[in-house]
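**Student:** Submitted below is the structure of interest, expressed as structure tokens.
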Amino acid sequence: MAETVLEVRGLAKSFGALRATDGIDLDVRDGETHAVIGPNGAGKTTFIKQLSGELHPDAGQVRFAGEDITALPAHRRSRKGLARSFQITSIYRDFSALDNVALAVQAHAGHSFRFWRPARDDGSLTEPAAQILQRVGLHQRKNILAANLSHGEQRQLEIAMVLATRPRLMLLDEPVAGMGSDESQRMIGLLAGLKGEKTVVLVEHDMDAVFSLADRISVLVYGRIIATGTPAEIRANAEVRAAYLGEDL
Amino acid sequence: MTRARIAFWTVLVTLLVLLPPAAAALQQPFYLDLVRKAMIFAIAAASLNLILGYGGLVSFGHAAYLGIGGYAVGVLAFYGTTSGWLQWGVAIGASALVALAIGAVSIRTSGIYFIMITLAFTQMLYYLGISIEEYGGDDGMRIKTRSDFSGLIDLGDPVAFYYLALVLMLACLFLVHRIANSRFGMVLRAAKSNEPRSRGIGYSPYAYRLVAFVIAGAMCGLAGAMFANHTAYITPEFMHWTRSGEIMFMVILGGIASTAGPLLGALVLLVVETLLAGWTEHWQAILGPLLVLSVLFFRRGLAGMIPGSRDG
Amino acid sequence: MPLTLVLEQLLNGVQFGVMLFLMAAGLTLVFGIMNLVNLAHGSLYMMGAYLTVAAVQWSGNYLAGVALGLFATLLLGMLVEVVALRTLYERDHLDQVLATFGLILFFNELAAIFWGRAALDLPRPDWLQGHIELFAASRYPLYRAVVIGVGLAVAAALWYVVTRTRLGMLVRAGASNRSMIAALGVNIRLLYTFVFGIGAALAGLAGVMAGPIYAVQPGMGELILIQVFVVIVIGGIGSIRGAFAGALIVGVVDTLGRAFLKPLLGTVLSPTAAEAAGPALASMLIYLLMAVVLALRPEGLFPSRGGQ
């Protein structure tokens, strides 16, 4: 029986009269890639933010690896092993790719109140960073300023940073957004390589990515989960088809 | 270090070392004074560079520490304590404590609030200085004897003081450089570059910013102690907020987040001020618009322009 | 402590508060709507005072001079906005702080060039001299009472415009969502220049009224500006209601503190200690108050509901 890494119970969040999150229950199993899909405005990003700690829910509970993290702020969740990538690429534009990943490594490699030794000379930071860049396929570009990377490369960099924090669970908010078909194939390949090794919650619109990567899919409509199941089950689900009216499943 | 950087620093340090004999030969002691003042301010600017240039904290209250450092020297001298070790030690320590207090409250805010709050606290200290009649109030007071360092160095000797300032300045510039590139400095810079991302990977910027604020305050306190010895006079003007603005301009003109920037900025600003002041009594009417223009059109600062002076 | 003395100081506190409000309202509007940190706001206050002195001297008539001075300050404000500040809207706060700091240096020196560094005198006209009768057989200077009246009237007018008129709606909408009102086709540039002009006029009015009470000299703007910052931090940025509350609180606390702290301390400490500590503590009072408010409510007492 696979362990449940993430347990969400009765999560609710309203903005004024708008119920962005309307009682969500969700279980994510250890090692699975769990996709969350839904039409625009369903509340996917609000949901992710409550999981990552950027938004505080009005009601409900989030349990991570058995621990109640509902009240924990974002940086503490990161330390517990819950990492997030952003829908709009959020990296350190004025640092090199290697620096970006090294910073992520550093956050989980002992304390940072060291004032003398240059961080860039610290092999315990730069070597793991270089390895991760290798893994995501950015090794050749490690010394390039992040702002000068292509959009797709920046998204890869962001995944690298998430990986560098040695997470137990990765929350990926539309990782292939804005990518051309070559780049998204590369990203899908990268994420496929993580299957089984990392637990991934994937919010996506791109159905190619969803159906090739997901072990299970949850469908979010108007702040509620209307169905959870394997890709085949979801494809066949009438309610889901109705919600997506005309969308290509 | 690249060859260009080594060349740059060698030339710069050589010029600074050779200045006193050159000034003596030309019988222009004024230049000695000016450059020494610039080096003392470079220390203040370097400390501000740490929190402003690298940390992104727009502190408009940095002159407060110049004042605390200066008054530490002045007040202790007033009560007969002329030991430089004690005076300068208190200058640094008191500045660090005040920075801790002000920083603890201010750093929880950001943006415009932070600017106004740091400004307000500095003004509070300024008024405090004015209202204490014992120490001269508004007019300030003379410092009759300079800090005494057990005979190791005589600050009354302009040249000896100059070289001490040179050594201390280089040490401070180097210290800020090391801090900025250390693990600590990288977190500080990352938080400036992208705060949500920093929280996302597990950093909470508050503690780092507070520590940087305290270090910067302490270093500026040292500059204050030196400045009091330089002018042999201490007045509340040390911590007037326009002085904060001056120091800020030195950081910007020199080039934010660069090692040589504070020195370049201090030299340029003081030279420009001196030239303009020699020209007209109303030099601020010219400096003001010049500063506005420099902000509008010259954002990158000097360190971007001189070969070898830009950091890697 | 005689009641009349307390009452008089209380009214002085309200009078000071009213002037702080005029300055704070303009500053907080400009910040809330244009996201502009304007350190040179104090310079407009100063120029208001100086231009009025000049206008009164030139016209020989107090009221005409005041009207002229106000109008001139309004024009000056709009000129500064168009020439120097427009480019700053897009820039970050650091640039705005530095650039407006340069403007302060310029204006202070300009005042010194034209009027010298010594404090000027703006005498109040005959019909504003004398006292009015209050209850408890106390009297209060007529001029200061008029200042309070004018300030409260302006506050009421401002409240009316902002909450009850279309212009006010635009202003409030702009404060909460800048790009939205642009999308609605409102001429943003004109709106900004106008808002800035109003802010300048308010500061100028404060300067005009300040003339007979405070010293008119270069640098007078910065003395009050920092207190205005304290008002805004306490009251909450972008909020006129906050500016009003904050201004009255700061005005009263500061005035009462300066008047009564020393004698109060004198009852528990020795006279010399009270002599030393009293004024020092009094001058720090409003900053300590600011620190307390910050610790308890970092957004201020009445933060504007719109986000930046």
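The values are calculated or read from the model by the stated rules, or taken from the named source; none is laboratory data. Everything quoted here is computed from the prediction, not taken from an experiment. Positions of Cβ are generated from backbone atoms using ideal geometry, with glycine treated the same way; all protein chains shown enter the neighbour counts.
**Student:** Answer with yes or no whether C:A84 is within 14 Å of another protein chain (Cβ to nearest Cβ), part of a helix (DSSP H, G or I), in contact with an Asp or Glu (Cβ under 9 Å, 6 or more places away or on another chain) and surrounded by fewer than 23 Cβ atoms within 10 Å (Cβ to Cβ).
**Tutor:** So C:A84 does not fit the description; no.
Listed here are the residues, each with its yes/no results for (1) out of contact with any His (no Cβ under 8 Å at 6 or more places or on another chain); (2) more than 14 Å from chain A (Cβ to nearest Cβ); (3) modelled with pLDDT of 95 or more; (4) surrounded by 21 or more Cβ atoms within 10 Å (Cβ to Cβ).
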residue: B:L210; (1), (2), (3), (4): yes, no, yes, no
residue: B:L222; (1), (2), (3), (4): yes, yes, yes, yes
residue: B:N229; (1), (2), (3), (4): yes, yes, no, yes
residue: B:E237; (1), (2), (3), (4): yes, yes, no, no
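**Student:** Would you check which residues across the stretch B:52-63 are part of a helix (DSSP H, G or I), small (G, A, S) and more than 11 Å from the chain's Cα centre (by Cα) and list them? Quick ask: steps written out before the conclusion?
**Tutor:** Initially, the stretch B:52-63 is screened for residues part of a helix (DSSP H, G or I), giving B:52-54, B:63.
Going one step further and asking which of them are small (G, A, S), we end up with B:53, B:63.
The answer is B:G53, and nothing else.
**Student:** Any residue in the stretch C:37-49 that is on the phi > 0 side of the Ramachandran plot and touching a residue at least 12 places away in the same chain (Cβ under 8 Å) sitting within a Cβ distance under 8 Å of a residue that is surrounded by fewer than 24 Cβ atoms within 10 Å (Cβ to Cβ) and among the aliphatic types (A, V, I, L, M)? List the pairs, counting only those 6 or more apart or interchain.
**Tutor:** Note: no pairs meet the criteria.
Residues checked against (1) touching a helix residue (DSSP H, G or I) at 6+ places or on another chain (Cβ under 6 Å); (2) closer than 24 Å to C:E222 by Cβ; (3) within 14 Å of chain C (Cβ to nearest Cβ); (4) touching a residue at least 40 places away in the same chain (Cβ under 8 Å):
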| residue | (1), (2), (3), (4) |
| --- | --- |
| B:G55 | yes, no, yes, yes |
| B:A72 | yes, no, no, yes |
| B:L86 | no, no, no, no |
| B:A91 | yes, no, no, yes |
| B:I153 | yes, no, no, no |
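**Student:** On to the next question. Being among the hydrophobic types (A, V, I, L, M, F, W, C) and within 14 Å of chain B (Cβ to nearest Cβ) is the requirement here; does C:A157 meet it?
**Tutor:** No, not satisfied.
**Student:** Next question. Kindly evaluate B:G202 against the criterion of being facing another protein chain (nearest Cβ under 10 Å) and more than 19 Å from the chain's Cα centre (by Cα).
**Tutor:** yes
**Student:** If you don't mind, there's one more thing I want to ask. Hey, can you tell me all the residues within the stretch A:157-190 that are modelled with pLDDT under 90, surrounded by 21 or more Cβ atoms within 10 Å (Cβ to Cβ) and within 25 Å of A:E127 (Cβ to Cβ)?
**Tutor:** A:M187 - this is the single residue of the stretch A:157-190 that is modelled with pLDDT under 90, surrounded by 21 or more Cβ atoms within 10 Å (Cβ to Cβ) and within 25 Å of A:E127 (Cβ to Cβ).
**Student:** Of the residues that make up the stretch B:292-308, is at least one among the basic types (K, R), modelled with pLDDT under 85 and buried (at least 21 other Cβ atoms within 10 Å of the Cβ)?
**Tutor:** no
**Student:** Just to be sure before I move on: is B:S258 touching a helix residue (DSSP H, G or I) at 6+ places or on another chain (Cβ under 7 Å), within 14 Å of chain A (Cβ to nearest Cβ), part of a helix (DSSP H, G or I) and of a type in the set (S, T, N, Q) in the structure I sent?
**Tutor:** Answer is no for this residue.
**Student:** State whether the residues of the stretch C:48-68 include one that is closer than 23 Å to C:T100 by Cβ and outside any helix (DSSP H, G or I).
**Tutor:** So far as the stretch C:48-68 goes, no, none of its residues is closer than 23 Å to C:T100 by Cβ and outside any helix (DSSP H, G or I).
**Student:** Just to be sure I understand, how many residues within the stretch C:94-119 are among the aliphatic types (A, V, I, L, M) and either farther than 25 Å from C:G65 by Cα or touching a Gly at 6+ places or on another chain (Cβ under 8 Å) (or both)?
**Tutor:** So in the stretch C:94-119, the residues among the aliphatic types (A, V, I, L, M) come out as C:94, C:97-99, C:103-105, C:110-113, C:118-119.
From the residues that got through so far, the ones that are either farther than 25 Å from C:G65 by Cα or touching a Gly at 6+ places or on another chain (Cβ under 8 Å) (or both) too are C:94, C:97-99, C:103-105.
The number of residues fulfilling the criteria is 7.
**Student:** With respect to B:R108, determine if the residue is touching a Phe, Trp or Tyr at 6+ places or on another chain (Cβ under 8 Å), basic (K, R), surrounded by fewer than 19 Cβ atoms within 10 Å (Cβ to Cβ) and within 9 Å of chain C (Cβ to nearest Cβ).
**Tutor:** yes
Here is a yes/no grid of residues against (1) surrounded by fewer than 24 Cβ atoms within 10 Å (Cβ to Cβ); (2) in a helix (DSSP H, G or I); (3) of a type in the set (K, R); (4) touching a Gly at 6+ places or on another chain (Cβ under 9 Å):
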site	(1), (2), (3), (4)
C:R144	yes, yes, yes, no
C:A155	yes, yes, no, no
C:L167	yes, yes, no, no
C:Y192	yes, yes, no, yes
C:G207	no, yes, no, yes
C:I237	yes, no, no, yes
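**Student:** If you scan the stretch C:87-101, which residues turn out to be crowded, with 22+ Cβ neighbours inside 10 Å and out of contact with any Phe, Trp or Tyr (no Cβ under 7 Å at 6 or more places or on another chain)?
**Tutor:** C:L88, C:Q96, C:A99, C:T100, C:F101
**Student:** Here's another thing I want to ask about it. Answer with yes or no whether B:T122 is hydroxyl-bearing (S, T, Y), more than 7 Å from every other protein chain (Cβ to nearest Cβ) and buried (at least 17 other Cβ atoms within 10 Å of the Cβ).
**Tutor:** Here the answer is yes, as B:T122 does meet what is asked.
**Student:** Continuing with this model, one more query. So, restricting to strands (runs of 3 or more DSSP E) that lie completely within the stretch A:1-95, which ones have at least 2 residues that are more than 18 Å from A:L163 (Cα to Cα), touching a residue at least 40 places away in the same chain (Cβ under 8 Å) and of a type outside the set (A, V, I, L, M)? Spell out how you get there, then give the answer.
**Tutor:** On the way: elements: A:4-15, A:18-29, A:33-37, A:59-64, A:82-85.
Answer list for the stretch A:1-95: A:4-15, A:18-29, A:59-64.
**Student:** Still on this structure, please answer the following. Go through (1) in contact with a strand residue (DSSP E or B) (Cβ under 9 Å, 6 or more places away or on another chain); (2) within 14 Å of chain B (Cβ to nearest Cβ); (3) surrounded by fewer than 16 Cβ atoms within 10 Å (Cβ to Cβ) and name the single condition A:G81 misses.
**Tutor:** Of (1) in contact with a strand residue (DSSP E or B) (Cβ under 9 Å, 6 or more places away or on another chain); (2) within 14 Å of chain B (Cβ to nearest Cβ); (3) surrounded by fewer than 16 Cβ atoms within 10 Å (Cβ to Cβ), only one is false for A:G81: (3).
**Student:** While we're looking at this one, here's another question. Residue by residue through the stretch B:82-105, note down the ones that are surrounded by fewer than 16 Cβ atoms within 10 Å (Cβ to Cβ), over 18 Å from the mean Cα position of the chain (by Cα) and more than 14 Å from B:M226 (Cα to Cα).
**Tutor:** B:A101, B:A104
**Student:** So, in the stretch C:239-253, how many residues would count as being in a helix (DSSP H, G or I) and surrounded by 23 or more Cβ atoms within 10 Å (Cβ to Cβ)? Reasoning before the result, please.
**Tutor:** Of the stretch C:239-253, the ones in a helix (DSSP H, G or I) are C:240-253.
Right, trim to surrounded by 23 or more Cβ atoms within 10 Å (Cβ to Cβ) and you get C:240, C:242-244, C:246-247, C:250-251.
Selection size over the stretch C:239-253: 8.
**Student:** Based on what the data block shows, is C:L256 at the interface with chain B (Cβ under 10 Å from one of its Cβ atoms), assigned to a helix (DSSP H, G or I) and at pLDDT 80 or above?
**Tutor:** no
**Student:** Looking only at the stretch B:26-51, filter to residues that are more than 12 Å from the chain's Cα centre (by Cα) and touching a residue at least 24 places away in the same chain (Cβ under 8 Å); which one of those is surrounded by the fewest Cβ atoms within 10 Å (Cβ to Cβ)? Show your work before the answer.
**Tutor:** Of the residues in the stretch B:26-51, the ones more than 12 Å from the chain's Cα centre (by Cα) are B:26-36.
Narrowing further to those that are touching a residue at least 24 places away in the same chain (Cβ under 8 Å): B:29, B:32-36.
Values: B:P29: 13, B:L32: 19, B:D33: 15, B:L34: 18, B:V35: 23, B:R36: 24.
The extreme case among them is B:P29.
**Student:** Moving to a separate point now. Could you check C:L296 against (1) within 12 Å of chain B (Cβ to nearest Cβ); (2) over 23 Å from the mean Cα position of the chain (by Cα); (3) crowded, with 16+ Cβ neighbours inside 10 Å; (4) hydrophobic (A, V, I, L, M, F, W, C) and say which number it fails?
**Tutor:** Checking C:L296 against (1) within 12 Å of chain B (Cβ to nearest Cβ); (2) over 23 Å from the mean Cα position of the chain (by Cα); (3) crowded, with 16+ Cβ neighbours inside 10 Å; (4) hydrophobic (A, V, I, L, M, F, W, C), the one that fails is (3).
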